Amino acid sequence: MHREQQQPSRQHTVRQLRHQQLGAIIDAQGREIPITERMILQACRQLEQDAKSFRRRLR
């Protein structure tokens with residue numbers, strides 16, 4: 001057998017990991033909502049914007 005057939009390609013593995021659930025939160029109705037990489041990146045961007053805004057007010 002060829003090595004490519006035995007193991008998934010690196011690109012395929014990276015793609016799988018990106019779509020993997022990174023945890024979950026429970027909403028007000030008790031439903032489990034998956035936390036995605038996109039949600040985390042959005043939250044980080046918002047924190048950066050809020051921090052910049054806060055620093056400007058301190059000046």
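Starting with the fewest neighbours, write out THR36, THR13 ranked by other beta-carbon atoms found within 10 Å of each beta-carbon. Please report the intermediate quantities before stating the final value.
Numbers: THR36 15, THR13 11.
If I rank by nearby Cβ atoms, fewest first, I get THR13, THR36.
What is the spin-label model distance, in nm, from ARG45 to ARG31 if the labels are put 7 Å beyond Cα along the C-beta direction?
If labels sit at ARG45 and ARG31, their model points lie 2.4 nm apart.
Given 0.36 nm per residue, what is the gain on full extension from ARG38 to GLN11 after removing their alpha carbon distance, in nm?
Details: separation 27, 0.36 × 27 = 9.72 nm, distance 1.88 nm.
Roughly 7.8 nm would be gained on extension.
Readers should treat all values here as calculations from the given coordinates under stated rules, not as data from a laboratory. Note that this is a predicted model, so its numbers are computed, not measured. Positions of Cβ are generated from backbone atoms using ideal geometry, with glycine treated the same way; all protein chains shown enter the neighbour counts.
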